[in-house]
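The values are calculated or read from the model by the stated rules, or taken from the named source; none is laboratory data. Given the structure is predicted, the values throughout are model-derived calculations rather than measurements. Glycine gets a Cβ as well: all are built from the backbone with ideal geometry, and neighbour counts include every protein chain shown.
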Amino acid sequence: MGDMAVDFLSDEQVAGFSGFPDEVPAEDLERFCWLDDADLSVVGRRRGMHNRLGFAVQLITVRVVGRFLTDPLAVPWPVVESLAGQLGIADASVLKLYAQRGQTGYEHAAEISTEYGYADFSDPARYEELRLFLEARAWTSSEGPVRLFERAALWLRERKVLLPGVSTLTRLVLEVRSGANDRLHSMLVDAAGPALILELEGLLRVGEGSRLTAWERLRTGPSRVSVPELLRQLERLARLRALGAGTIDVEMIPEGRMNALARYGLAGKASSLRGLSGQRRGATLLCAVRALTSEVADDLCDALDAIVNERVLRKATRESTAARLKSLPRLSKASLQLAKAAKTLVEVLDNTEYSGAEAASVLADQVSLSELRAALEVVNEVVNPGGAEADTAAEMLRRFATVRSFLPALAEAAPFGATAGGTPTLAALTALPEVLDGRKKDPAEVDLSVLSPTWHRLVTASEEIDRKAYTVAVTVAVHKALRRRDIFVVGGRRWGDPRARLLTDPAWQATKNETLRALQLPEEPADHLAGVRHRLDARYRAAAEQLADNPTVRIDDAGKVHLSPLEAKTVPESLTQLRGLVSGMLPRVDLPDVLLEVHSWTGFLSEFSHVSEASARMGQLDVSVAAILVAEACNVGLTPVVRDGHPALTRGRLSHVDQNYVRADTLRAANARLIKAQSGLGLAQRWGTGLLASVDGMRFVVPVATVNAGANPRYFGQGRGLTWLNYLNDQVSGLGAVVVPGTVRDSLHILDGLLDLDGGQRPEMVATDTASYSDHVFGLFTLLGYRFSPRLAGLPDQRFWRIDATADYGKLNAVAGRNRINLDLITSNWPDMLRLAGSLTVGTVRASEVLRVTQGGGAPTLLGKALAEYGRIAKTEHLLDFIDADEGYRRQIHTQLTVQESRHALARLIFHGRRGQIRPWGLLVQRLALGT
C-alpha cells in the first residue's frame, strides 16, 4: 500500500471498506438488497429503465458500502440482477447505458442523500462528533487501530454519514490514538515523578558482571516447586514493592489502557523498551512493574500452596496411612489376643462360682500374661488416642525442617493481610520468629485459639511451647486461612482479598439499575420470591402427576429417586449413508491451508496485531501467524513449519511473530471473529440458537517442573498436570476457555470463563458433566441469569427441596421430606446478593474467588448460606426436569455434552506432539499453547 496512513489495514480490509465483496451470497442479497414499497416509489420517478436500475444500484450501494462509488457500476452482477428483478426489468444489461451521461450518477447520488437523509463527512459538526467519539474510545479502551477504524465506520453508517476515503479515516484514527497515547504517557509519568521514573529506567541496564538486566531477572517467574524458589519469590516481591510503583495514584487513568502498556512491558525485550521514547518508556515500565508486583504476589502464594499441600499435608497423610496399613497385621494379631482375653474375662465374671484364684487360672489357660503384655504394648504403640488426625500431625512434625526453612522469612516479610476472621492466624504467623528463637516460651504468650485440638495438645504437651509443633501447626492454619482468603496477599489478584474488589457503594449505586435490568432481577425480592414459590410448587405438582405414567422413575422406600438410563436412539440407514457420502466429499487438505482459507472468508488472522500496538503490518503476516497456530495446535514446535526459502516462514520471522503478535488478547479477538462467522451460517443455525452451551475440561500432563500444575493420580499418575476448561455452544463454536492448574473443582471456575467469553451470544443454559454441583454454584448461576444444567451422577443421593411444607406432592412428599428452603434468609441477604452479582457482571472480582470465600472451607458465611438457599430452588427445578416423562431436557444436555466430547477427541488428535503433554512452564505460555 502506498499510503502510510492505511498500513495498519490489510488489503482485504481496504477492499472491504471501499466496495462490495467479490461474491455476494444469496441470503445476503435477500437481506441487504431489498427494495421496499417506499424505495420502489422513489426509484419509479426516474425515466428510462437504465436510470431506474442505476438509481436503485446507487441506493443499495450507499446502504451496503456506506458511500457512493466513483464508478457507480462497480458492483457484483448478482446485485444488479436482483435489483432488476425487483424493478421488473428483464434485461439487466441496460445498466451499461447508465454510464453514458457521467453527470447522472452525481445527480442521483445528491437526490438519494437528500431523500434518505445522508450527510457528507465534510460537515464540521459531524466530523467533530466523530472525533470526540473516537477520542473517548481511544482513551477508555485498549482497542487497536483496526478496531477503532471499524468503530468509526460503524458510527458513520449508523448516523447516515457518507464514508470518506479510506486514507482520510485511517489518518483520523491514527491522530486520535496518538493524542490519547501521549495523554496517557504524560499522566502516568507525572503521577510517578522523575525520581521513580529514573529508578525504573535503571532496571533496563545490564549490571556489572551480569548478562541480564535487572528487569529481565525480576520478571523471570517460578520454574519449580521448591523452598529456594519460594524464597526467591519473596525477594522478588520485596524488590518490586520497594520501588513504590504500587503506591502511585492512578485512579483517573483507565485500567484497560494501563493493562495494555503492562502487557508490552512484560513481553518486550529490554532492548526494545530502551528504544521507546522517553515518556512512553517511563509509562510502560510503571504499568509493567505494577502488574508484575501483583503477579509475583500470586506466584509467591502459588509456590507456598504447592509446597505446603504436596510436601507437608499430602505427603504426611500418605505416609501416615502407609504406616497404619503396615502395622495392621501386628495390630490385628494383638487385637485378637486381647479380644480372647476379654471374652474369657467376661465369662469368668459372669460365673459367680469361680474364686479369684480359679478365675485367674482360667484366664491364664487362655492367654498367658506375657502374651497379654505384648499385645497391650503393640496396641499402645500402634494406636494413637487422637485418631488418624493425630497420626497425620505426628507425621507432619517430621516435615519441620522443610517448614522451618521458609516460614520465618515469610513471617518477617509480612506480605499478607487478613480479615477479622483471619487476624488471629496472621498474628500467630507474625509471632513465629519469637517462638523459634526462644523469646516466647510460655503457651500463654501466644494465641493458641487458631490451632485444632490435636495441634493444641501437641504444642502444649509440656510447660513450654513445643517449637516444632507450633511451627508446623501455624503453617497448617495459615495455609487453610489462605485458601479461604481469610488471609490474603496484599496486592495479589488471584490470592488477594476478593471482598475488597466488590463494587463500592457509590460504584454499585451508579450501575445498579442497568445491572438489575440486564439480569432481570428486582431490587425488592418479595414479588420475585413469590413467583419462584409458585413456579416450584407448580413444577412439583406436574412431576407428581406424571409418576404413575413414567416407568423410568422409581422411588424406593427410603424416598430415594432412581432413574433409568436414556435409551440410545436408532441411527437410520439413510443417516449412515449420508455420513459416508459427506465424509467422502471432504477433501484432504493441510491444516495451514484450512486456516488460510477460513481467513479468506472471515479475516480472523487480521486480529493478530503487534504487542506495541504499532500501526504498520508486516507483509504476509497471515502466513506467519497460520504457521505458528499450526505449530502450537499440533504441539510440535516451530521446526516443522520453518521454510528458509519462504520470507514469511523463516525461523527468525516466526520467532518474532510468535513473541510479538500471538498473545492471549489477539487469540481472543480472532476467535470472536470466527464465532461471529459461524453464527451466520445457515447450517450452524439449524444446529442450534447459540443459547445453549456446555463446559467440560480436558486434562493435560505437564512433565516439566512448574508451580502452575497440580497433582492428581487419577489423571496424571505420579506426575502433575492442568485442566483446559473450555466452552462450546450448540452452534459448535468454541466460545473461550480457562486454564486451571491441576484438577481443582471445575465448578469453581466455570463462571470465570462464562462471564468472560471471547464472543457470541450469552448462553442461557449451561450444561456440564458430572462435576461438583453444590447449592452455592446453583445459586450463583441463577443469580447471574444462567440455567445450570449438570448431567447428574448418583441421582438417589441428591436432595430435593421444597418451600411449602404443607403442600401435598403425592409420592414426591417422601422425596422432598423435611428439606425446606429458607426464603427469609434469602430476603435478608438480597441486597448483598445483588451487589455480588453486579461485581461479577462488571468483572471487578472472579466467581471462583467469591465461591472460596462464601463456602468458607465447609463453614459458609451468611451470604454463602443465602446463596445456597437460593441455589436449592434452581437445583430442585433441575432435578424435577431431569426426571420428567418428557426426556427432551435430559437428551438436550446429553447431546450437547456428546458434541463437546467429540470436540475433545478431535483436539487430542491434533494436539499430538510431545505425547500430548504441555511442556512450557509458565502459566501464560501454557494458556497460549492451549489457545486461550
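Points to keep in mind about this one:
- Selection of segment 316-336 for residues being touching a helix residue (DSSP H, G or I) at 6+ places or on another chain (Cβ under 8 Å) and either exposed (fewer than 11 other Cβ atoms within 10 Å of the Cβ) or small (Gly, Ala, Ser) (or both) yields ALA316, SER320, ALA323, SER327, ALA334, SER335.
- Residue check, VAL472 of a type outside the set (Asp, Glu), in the same structural domain as GLY422 (by TED's automatic domain parsing) and in contact with a Ser or Thr (Cβ under 8 Å, 6 or more places away or on another chain): no
- Scanning segment 799-812 for residues that are outside any strand (DSSP E or B) and closer than 29 Å to LEU751 by Cα yields ARG799, PHE800, TRP801, ILE803.
- Of residues in segment 6-28 being buried (at least 18 other Cβ atoms within 10 Å of the Cβ) and among the aliphatic types (A, V, I, L, M), the one farthest from the chain's Cα centre (by Cα): VAL24
- Count - residues of segment 361-397 that are modelled with pLDDT under 75, surrounded by 17 or more Cβ atoms within 10 Å (Cβ to Cβ) and within 30 Å of GLU319 (Cβ to Cβ): 1
- Annotation for segment 248-259: no member residue is in a helix (DSSP H, G or I) and more than 24 Å from ARG137 (Cα to Cα).
A quick yes/no check of all residues on (1) in contact (Cβ under 8 Å) with a residue 60 or more places away in the chain; (2) in a helix (DSSP H, G or I); (3) surrounded by 15 or more Cβ atoms within 10 Å (Cβ to Cβ); (4) of a type in the set (Asp, Glu):
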site	(1), (2), (3), (4)
ALA814	yes, yes, yes, no
LEU825	no, yes, yes, no
MET833	no, yes, yes, no
GLU869	yes, yes, yes, yes
ALA874	yes, yes, yes, no
HIS878	yes, yes, yes, no
SER902	no, yes, no, no
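- Annotation note: of SER210, SER167, SER186, SER141, the sole residue that is among the polar types (S, T, N, Q) and in contact with a Pro (Cβ under 8 Å, 6 or more places away or on another chain) is SER141.
- Residue match in segment 531-549 (condition: assigned to a helix (DSSP H, G or I), at pLDDT below 90, among the aliphatic types (A, V, I, L, M) and under 20 Å from ILE883 (Cβ atoms)): yes
- VAL641 surrounded by 15 or more Cβ atoms within 10 Å (Cβ to Cβ), touching a residue at least 60 places away in the same chain (Cβ under 8 Å), over 30 Å from LEU276 (Cβ atoms) and not charged (D, E, K, R): no
- Only residues that are modelled with pLDDT of 90 or more and touching a His at 6+ places or on another chain (Cβ under 7 Å) were counted in segment 561-613, giving 1.
- Considering the conditions (1) closer than 24 Å to ASP832 by Cβ; (2) small (Gly, Ala, Ser); (3) in contact (Cβ under 8 Å) with a residue 60 or more places away in the chain, SER452 is excluded by exactly one of them, (1).
- Some residue of segment 591-605 being in a loop (DSSP other than H, G, I, E, B) and within 30 Å of ARG653 (Cα to Cα): yes
- Flag if GLN233 is polar (S, T, N, Q), modelled with pLDDT of 85 or more, more than 29 Å from the chain's Cα centre (by Cα) and outside the structural domain of PRO145 (by TED's automatic domain parsing): no
- Residues being modelled with pLDDT of 90 or more and assigned to a loop (DSSP other than H, G, I, E, B) - total across segment 765-798: 3
- Candidate set from segment 213-230 (those that are part of a loop (DSSP other than H, G, I, E, B) and of a type in the set (S, T, N, Q)); member that is farthest from the chain's Cα centre (by Cα): SER226
- Filter result (in a loop (DSSP other than H, G, I, E, B) and either more than 35 Å from the chain's Cα centre (by Cα) or among the hydrophobic types (A, V, I, L, M, F, W, C) (or both)) within segment 406-415: PHE406, ALA414
- Residue within segment 119-132 that is part of a helix (DSSP H, G or I) and acidic (Asp, Glu) present: yes
- Test: residue in segment 615-626 that is under 29 Å from PHE700 (Cα atoms), in a loop (DSSP other than H, G, I, E, B) and within 34 Å of the chain's Cα centre (by Cα): no
- Of the criteria (1) surrounded by 15 or more Cβ atoms within 10 Å (Cβ to Cβ); (2) under 20 Å from TYR889 (Cα atoms); (3) among the basic types (Lys, Arg), which one ARG799 fails: (1)
- Failed item in (1) part of a helix (DSSP H, G or I); (2) farther than 24 Å from ASN309 by Cα, with GLU208 passing the rest: (1)
- None of SER210, SER142, SER186 is modelled with pLDDT under 90 and within 36 Å of the chain's Cα centre (by Cα) except SER142.
- So GLN892, is it more than 28 Å from GLU514 (Cα to Cα), part of a helix (DSSP H, G or I) and under 22 Å from the mean Cα position of the chain (by Cα): no
- The lone criterion from (1) over 39 Å from the mean Cα position of the chain (by Cα); (2) in contact (Cβ under 8 Å) with a residue 40 or more places away in the chain; (3) surrounded by 14 or more Cβ atoms within 10 Å (Cβ to Cβ) left unmet by VAL80 is number (2).
- Condition check for GLU358: surrounded by 13 or more Cβ atoms within 10 Å (Cβ to Cβ), of a type in the set (Asp, Glu) and either over 18 Å from LEU458 (Cβ atoms) or modelled with pLDDT of 75 or more (or both): no
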